[in-house]
Structure formats: C-alpha cells, structure tokens
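Shown next, in structure tokens, is the structure this report addresses.
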Amino acid sequence: MKQEQGGSATDDSPASSARHMPVLLALFVGSGCAALVYEIVWFQLLQLVIGSSAVSLGVLLGTFMGGMCLGSILLPRVISARWHPLKVYAILELGIAVIGIAVLLGMPLVDRIYTTSVAPGMSSVLLRGAISALCLLPPTLLMGATLPAIARWVETTPRGVSWLGLFYGGNIAGAVFGCLLAGFYLLRVHDMAVATYVAASINAAVALVALALAAMTTYRPRRNIETAGGVIGTSSAWTVYVTIGLSGMTALAAEVIWTRQLSLMLGATVYAFAIILAVFLVGLGIGSSLGAMVAGTTPRPRVALGLCQAGLTAAIAWTAYMLAGSLPFWPIDPELTISPWYNFQLDLVRCAWAVLPPACLWGASFPLALASVAAPGQDAGKLVGGVYAANTVGAIVGAAGASLLLIGWLGTQNAQQVLIAVVGVSSLLMLAPLAWKLRPARQASQVESALSPWGIALAALVIGSATLMTWTVPQPPAELIGYGRFAATVDPPEMIYVGEGMNASIGVSRMKDGARNFHVSGKVVASSEPQDMRLQRMLGHIPALMHPNPRSVLIVGCGAGVTAGTFVLYPEIERIVICEIEPLIPPAAGEHFREENYAVMEDPRVEIVYDDARHYILTTQEKFDIITSDPIHPWVKGAAALYSKEYFELCLKHLNPGGVVTQWVPLYESNLAAVKSEIATFFEAFPYGTIWSNDNHGEGYDIVLLGRAEASTIDVDHLQRRMDCQSCQPIAESLAEVGFRSAIGLLSTYAGRASDLRPWMEGAQINRDRNMRLQYLAGMGLNLYEGGFIYDSMLAHRRFPKNLFVASDAYLELLQEAIDPLPDRR
C-alpha cells in the first residue's frame with residue numbers, strides 16, 4: 001500500500017481515515033464545551049483573588065490566551081510526530097480534567113499565598129500576572145495543544161485543511177454550548193464545583209473515545225515528517241501570519257468594545273454576558289465552517305482571505321452603527337414582562353443582528369489562513385500550531401489593548417475606527433500581490449512584474465471602503481450611557497458630562513428642577529434627589545454616630561461622593577480611604593456634586609485607591625473603624641463578589657475593635673429571593689446585625705445593613721447629645737437636610753434584626769464565593785419594582801428591640817412609638 005504524505009491513519013486504505021472524521025469533529029465539540037465551562041469558572045474564581053478591574057481582567061485574559069498560544073507552538077516541537085495523534089489528544093484531555101479539578105480545590109491555598117505575598121514596592125500587575133500564570137498556564141497549555149495534536153491525523157492537502165477548519169468550527173460550536181450551559185444552568189442552579197466536575201467528565205469521555213478510536217486505527221507517520229516544513233519558511237508566508245494575527249487582534253478588541261456597549265443596552269447581568277459571548281462564538285463557528293468549505297475548493301486561498309478581511313471593514317461599520325445608531329432606539333421596554341426569559345429572547349435577537357456578520361468573517365479567516373500556508377508534506381501540527389499561535393498573539397494584543405488603552409484613551413467610537421483601518425491593512429497584505437502580474441521577460445529564464453489595472457482597482461476599492469467606513473461609525477448616544485436598557489423609553493434630561501473609562505462608562509445628567517443624577521454603566525447610582533441623598537447620608541452618619549470614637553474609614557464605591565463626604569464633618573476622623581474601580585468617577589463626583597459631598601475629594605485626610613475593592617481589602621494590612629460599602633446592584637456581573645459571606649468576613653477581619661460595617665441593599669430592580677439572599681448572607685457574618693430603612697413615601701426603596709463583631713447597644717441619649725453639641729452642628733445640619741432632625745428620627749428607620757427575621761429568611765440562599773448565587777438570582781429581577789412588597793414582607797417580622805436601645809423613659813417611649821406604632825406589633 002502506498003505511504004501517505006504528512007502521516008495518515010489507515011486500516012486498509014487512505015480513504016478509511018475519512019470515515020472517522022465525523023467522530024473527531026464530535027470530540028472537538030465536547031472539548032470546546034468543557035473548555036468554555038472551565039474558562040467561566042476559572043475567571044470567576046481568579047477574579048475573587050486578583051480583582052475584576054480592567055487591569056486584572058487584562059492580565060487574566062492575557063495569561064489564559066498566552067497559555068493557549070504556547071501550547072499550540074510547543075506541542076509540535078516537543079511531542080514527536082511518531083506518536084499516535086489520538087493518544088496524544090486523549091492524554092491532553094485527561095490532563096485538562098485533572099488540572100481543572102486541581103485548580104478548583106487548590107484555589108483556597110492560592111488565595112492564602114497571594115494575600116501573604118504582597119510586599120511594599122512589589123508591582124501589583126506583576127503579582128496578579130504571577131498568580132494568574134500559576135493557575136492558568138498548565139491547563140491552557142494543554143488546551144492550546146489539542147488542535148495541533150489532532151491535526152497530525154490529517155493531511156496538509158486542500159481537503160485535509162478543510163477538515164482542520166471544520167474541527168476548529170466544531171470546537172467553537174462546543175464552546176457555544178458550554179457558555180450557555182454554564183451561564184444559564186450549571187452556575188445558576190448549582191455551583192462552580194458541579195460545573196468543574198461536569199467539564200472534567202466531558203474531558204474524560206472525550207479521552208476515552210479518542211483512545212478507543214486509536215485502538216481501532218493504525219497511524220503511519222511519514223518518515224521525514226519531523227523536518228518537513230512546506231512553505232512555512234518561505235518569504236511570502238509572513239504576510240499570512242501577520243494577517244491572521246491582525247484578524248485575531250481586531251476580533252478580540254471588537255468583542256471587548258461591543259460587550260461594553262451591549263451590556264449597557266441589555267443590562268450587565270451574567271445572562272447578558274453569556275448571550276453576547278455565545279452569539280460571538282456562533283458567528284465564529286459559522287464562519288469557520290464556511291471558510292473550511294472555501295479553503296478546500298479555492299485555488300487562491302490568500303485572495304479569499306484578503307477579501308474576507310476587506311469585508312470586515314463594512315461588517316465592523318455595520319455593527320458599530322447598529323450598537324450606537326439603531327438598536328438603542330428600538331422601541332423595547334424591558335419592564336413590559338415580569339419574565340426575564342422573554343427579554344433574553346430579545347437580547348439574543350439584538351446581539352445576533354448586530355454581531356453575527358463580522359464574527360462570521362473572523363471565523364472564516366482561520367481556515368483560509370491555514371490553506372494559504374499549507375503545502376503537501378508539512379507537519380500538520382506545526383502548520384496549525386503556527387497559524388493558531390499567530391491568531392492568539394493578535395487576540396492577546398487586541399483584548400488587552402482595547403480594555404486597557406483604546407476605550408479609555410480614544411472612546412468606543414474612535415476605537416472602532418482604528419479597527420476598521422487595521423482590517424483594511426490586513427486585507428491589503430493579502431490583495432496587494434494582485435496589483436502586480438508576472439510575465440516572461442526577454443530572457444527566457446527570467447520574469448518581470450507589471451502593474452495590473454484590476455489589482456490596482458481592487459486595492460483602491462479596499463482603501464476607499466475602509467476610509468468611508470471609518471466615517472460612518474457613530475458616537476455612542478448619551479442616553480445609552482446614562483440610561484442603558486431604558487434609553488428608548490426614558491425622556492432623557494440634559495447630559496452635562498459623559499465619559500468612557502477603562503472599567504465603566506459614566507455620565508452626569510441635570511433634571512429640569514436642577515437635580516443631578518450620577519450614571520454608571522447605564523444606570524443611576526447616585527443623585528441629589530431627596531430619597532438618594534437620604535440613603536447616601538445614612539450610610540455615613542449611622543456608623544459614624546454609633547461608633548464611640550471613629551478614627552479611620554474605608555468607603556467601598558465612590559459614587560457621587562456623598563457618603564464619603566459625611567465623614568469630612570467628623571473632626572475626630574483622621575483617615576478616609578475611598579476605593580473606586582473606575583478612575584473617571586471621583587473627578588466627576590468632585591466637580592458635579594461638590595456641594596453635596598462637602599468637597600470630599602479636596603480634603604487632606606482622603607486617599608483614593610483605584611482598584612477592585614475586594615482585592616484591596618484582601619491584600620491591605622490596614623484595619624479600619626468603619627467600613628461602609630455602596631457597590632452597584634448585585635445583578636451587575638462581578639458585583640455579587642461584594643455581597644458574599646467571604647467578603648463580609650474579610651471586612652470583619654479588617655475592623656478595629658468596636659468597628660462598624662454598613663452595606664447598601666436595594667429593594668428596587670430586584671426580587672424577594674435576591675434580597676433575602678443579601679440579608680441572610682450579611683447576617684451569616686454579622687449575627688448581631690440590624691437593618692435600617694430608607695423608604696420612599698412609605699414604600700420600600702432601599703436599606704442599610706449594619707454589622708458589628710459583637711452584640712452591643714445603642715445609647716439614644718448619647719446620640720442626641722452628640723447631635724446637639726456645638727462642635728457637631730455641621731453633622732446635625734447634614735442630617736436635617738435629609739429629614740433627620742433628631743436621634744429619634746434617625747433611629748426610627750430601624751427595620752429589623754437577624755434574630756427577628758430568621759423565619760422570614762428561612763430557605764434563603766447564602767451567597768458564597770464558590771457559587772455566587774446572588775448574581776444569578778438578582779439577574780432575574782433587574783426589571784422588577786417589587787420594593788414595596790419586599791419591604792412589607794420584611795416589616796411583618798419586625799419587633800421593637802427593647803434590649804437594643806438604651807434610653808431614658810421619655811426617649812424610649814418616643815422611639816417605640818416611632819418604630820412600632822401599632823399595638824398588635826408590640
């Protein structure tokens with residue numbers, strides 16, 4: 001029997017290997033499914049340790065994709081081509097399963113190592129990168145090696161390259177399923193451990209099938225396959241590698257930019273992120289499959305690759321216009337249904353309408369790039385590894401560049417214009433040779449080049465198209481940045497400030513009556529409206545008044561700076577630390593809310609730390625007398641980490657003796673299950689905690705949770721004397737501005753405590769780092785306004801706590817009447 005070039009898997013004939021290709025395709029679907037489940041779980045686990053800021057996510061994503069890149073390069077250079085590809089593939093899959101479980105079980109140890117490794121002067125970015133590398137490089141090296149490993153089963157012929165493209169598409173199809181499986185079921189219903197075990201089981205099943213298939217077939221590598229190189233070393237191949245690298249760069253940069261814009265429009269829940277990622281992957285999978293078919297038939301794959309990149313100039317412009325000029329104004333009101341599943345369908349349609357065209361073209365680029373550098377006789381593993389590595393290096397640059405530089409520096413509009421210019425350049429790299437045609441020279445042994453009018457016209461068309469498309473990219477509308485998913489239904493006030501930062505898009509609006517709203521990520525997070533001012537002042541004054549002698553304060557989340565500003569009024573406070581993830585927020589708050597926040601940004605006692613708050617508390621050695629936390633809604637992806645039991649325990653560890661913690665909990669844009677989870681989780685860490693209500697005209701609006709390390713009482717007479725003293729006059733005025741003219745008025749907001757609310761909290765799900773259940777519960781209720789119902793159900797269990805308040809008889813009677821006026825509730 002004739003030996004096949006590039007290695008072959010045979011039973012009796014070369015054609016026999018083709019019979020097994022559908023099975024290999026199915027294996028790659030399973031492999032992709034497991035990989036995405038792992039990716040979601042690992043990112044969530046590691047964000048708890050290194051933070052969820054743009055810097056942390058850039059490091060995390062760079063490490064993840066860097067490992068994939070290294071794996072694709074190293075496998076064909078480290079593993080001999082004489083090894084059976086299916087056996088190598090099976091070993092890699094088993095290794096991924098083992099390491100995946102090890103990462104899950106070893107994360108607590110990594111957490112402890114990380115928190116004890118912080119040293120003065122050590123670069124935070126380098127340390128975060130080291131921890132990410134420790135956790136992610138081993139499994140991602142193996143993941144990156146799977147495609148080059150199985151590629152050795154395939155010949156480097158047009159038909160073989162077509163199958164490699166289909167394998168890549170199948171892997172992406174599995175990734176889509178894994179993304180939706182993890183985001184909508186495994187992590188919503190179960191937890192990270194169950195998700196990891198499911199992914200490991202898929203890896204194990206894939207490995208067993210691969211081993212069984214290896215036992216049924218014979219692999220016969222070509223004798224000189226170790227040294228075969230084909231056209232990889234030729235002078236013209238570098239343009240293909242640069243082109244596919246630029247393709248990967250623009251794809252991941254666009255994904256970062258469009259995810260930012262889509263999350264404003266859909267609401268930044270875990271479900272929205274899962275839908276966005278799934279749609280993008282669907283496009284890549286469709287494009288890869290179509291590209292594989294073209295690659296197997298076209299005689300000029302480089303021209304096809306160039307045309308694919310040229311098409312991206314228009315496709316990117318299409319998506320840019322849809323996301324900023326069309327979709328935000330579709331007449332969709334997310335509050336029309338109480339079922340989030342109907343809104344999910346709308347989200348899916350809007351994502352697909354905007355993102356699928358360019359995603360398909362990016363997906364088609366990979367198999368076309370393979371075909372452009374493939375030649376009979378090559379080591380298919382090196383072929384795939386080289387192209388995959390170039391694409392991944394570009395993806396790393398694109399993801400990091402967009403998240404850390406382009407958005408914050410240029411804004412989403414200019415960033416997308418840069419992407420169109422880059423894909424135009426990558427197109428010209430492939431199409432430029434068409435501008436010249438070769439013809440015989442006067443001497444028979446030579447050729448000379450001549451300009452091709454058709455080639456010149458095509459290049460000019462690409463340049464003209466890219467130039468035109470850059471001018472069609474619109475600026476994101478201020479309504480979208482300010483009101484997000486309600487941009488089409490709200491009557492927007494005047495936007496007096498809009499900014500796009502590394503971590504969030506922010507804005508400040510002014511109402512007709514002069515009130516101002518502070519917008520972050522498409523929602524109002526603070527304002528000068530009475531109900532919001534009252535809440536913001538309560539978060540500061542309640543702990544400051546109840547602590548006997550506060551000296552140091554940590555504020556988690558700057559917002560409009562009103563909460564931080566309350567502490568400026570207390571002369572005994574010596575240090576105020578504001579931890580804020582988005583650098584644009586404090587300057588905007590200082591400029592537009594200076595009166596309301598008492599110019600807190602200018603106070604010499606204030607230090608602003610730009611970092612993920614959880615990461616800061618995890619790594620700092622400092623302790624505080626007061627920690628007050630006003631994070632964004634828990635349905636926003638990543639915010640639930642600031643509502644977990646472990647986070648509250650971290651706060652407890654960083655309190656000085658007698659310290660106080662306060663935490664904001666919204667009742668609006670939420671549901672009963674989510675609110676119960678938030679309160680029950682807080683009381684797990686602070687069993688003597690209490691609740692203080694900020695209602696709006698008697699209706700439930702939001703609440704303040706107050707926690708201490710030990711049981712304590714509240715001296716009502718002492719609070720009143722403190723408010724009445726001459727030196728505390730600014731404090732009394734600050735409270736009076738929001739309706740609290742006495743200690744009785746402030747304490748009358750008491751709404752319950754842990755011991756009384758146990759029956760109400762029965763069955764509540766505790767939000768822990770290992771499940772982050774809250775973000776899935778809250779994500780189902782972001783369009784609900786059930787604050788009144790939630791508040792009333794909670795108040796039904798409230799009782800006047802006689803052993804909590806210490807007061808004179810007159811004050812005690814007044815307070816009891818204010819808190820519990822109905823006799824049947826006493």
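The values are calculated or read from the model by the stated rules, or taken from the named source; none is laboratory data. Note that this is a predicted model, so its numbers are computed, not measured. Note that each Cβ is placed from the backbone with ideal geometry, even for glycine, and that neighbours are counted across all protein chains shown. Surface accessibility is based on the protein's heavy atoms, side chains included, excluding ligands, DNA and RNA. Shrake-Rupley method; radii C 1.70, N 1.55, O 1.52, S 1.80 Å.
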Residue 755 and residue 603 label points (each 7 Å along its Cα→Cβ direction) are spaced in nm at 3.4
Folded to 0 to 90 degrees: helix 453-472 orientation relative to the chain principal axis, Cα
0
For segment 524-573, would you read off the P(r) tail past 18 Å as a percentage of all alpha carbon pairs?
26
If I take every Cα pair under 8 Å that is 6 or more residues apart in the chain, average their sequence separation and divide by the length, what percent do I get for the relative contact order?
13
Per-residue [θ]222 nm for the chain (sum of -39500 (n - 2.57) over DSSP H runs n ≥ 4, rounded to 500)
-19000 deg cm²/dmol
Relative contact order of segment 650-776, defined on C-alpha pairs under 8 angstrom at six or more residues apart (%)
31
For residue 329, the net charge from surrounding residues (Cβ-Cβ under 15 Å; K, R +1; D, E -1) works out to -1
If you line up the long axis of helix 21-50 against the longest principal axis of the chain, both from Cα atoms, how many degrees apart are they, to the nearest 10?
30
Out of residues 5 or more away from residue 670 or on other chains, whose amide H comes under 5 Å of its own, with H placed 1.01 Å from N in the peptide plane?
784, 786
Quantify, in whole percent, the carbon and sulfur part of the accessible surface of segment 235-391 (1.4 Å probe; protein heavy atoms only).
73
Ranked packing of 717-727, 552-562, 175-185, 306-316, most packed first, by mean Cβ within 10 Å:
552-562, 306-316, 175-185, 717-727
What dipole magnitude, in Debye to the nearest 20, does segment 683-807 give about its Cα centre under +1 on Lys/Arg Cβ and -1 on Asp/Glu Cβ?
380
Name the residue farthest towards the positive end of the dipole of the chain from the options 694, 679, 538, assuming +1 on Cβ of Lys and Arg, -1 on Cβ of Asp and Glu, about the Cα centre.
679
Please list, short to long, the whole-number percent of alpha-carbon pairs of the chain in consecutive 10 angstrom bins beginning at zero.
2, 13, 21, 22, 17, 11, 7, 4, 2, 0, 0, 0
Kindly flag which residue pairs out of 645/802; 523/802; 512/645; 623/676; 523/645; 653/676 have an alpha-carbon separation exceeding 31 Å in this structure.
523/802; 512/645
Projected label distance in nm at residue 595 and residue 796, using a 7 Å step from Cα toward the beta-carbon:
4.4
How do the peptides 674-683, 593-602 rank, highest first, by the average count of neighbouring beta carbon atoms within 10 Å per residue?
674-683, 593-602
With residue 410 itself left out, Lys, Arg at +1 and Asp, Glu at -1 over residues whose Cβ is under 15 Å from its Cβ give 0
Between the helical axis of 672-685 and the dominant principal axis of the chain, each derived from Cα atoms, what acute angle in degrees is found, rounded to the nearest 10?
70
Cut-off 14 Å between beta-carbons: net charge of the residues surrounding residue 584, Lys and Arg +1, Asp and Glu -1:
-3
Rounded to the nearest 0.05, what FRET efficiency do residue 77 and residue 238 have when you use their Cβ-Cβ distance and R0 = 25 Å?
0.85
Sorted on mean Cβ neighbours within 10 Å (highest first), peptides 386-396, 292-302, 529-539 come out as 386-396, 529-539, 292-302
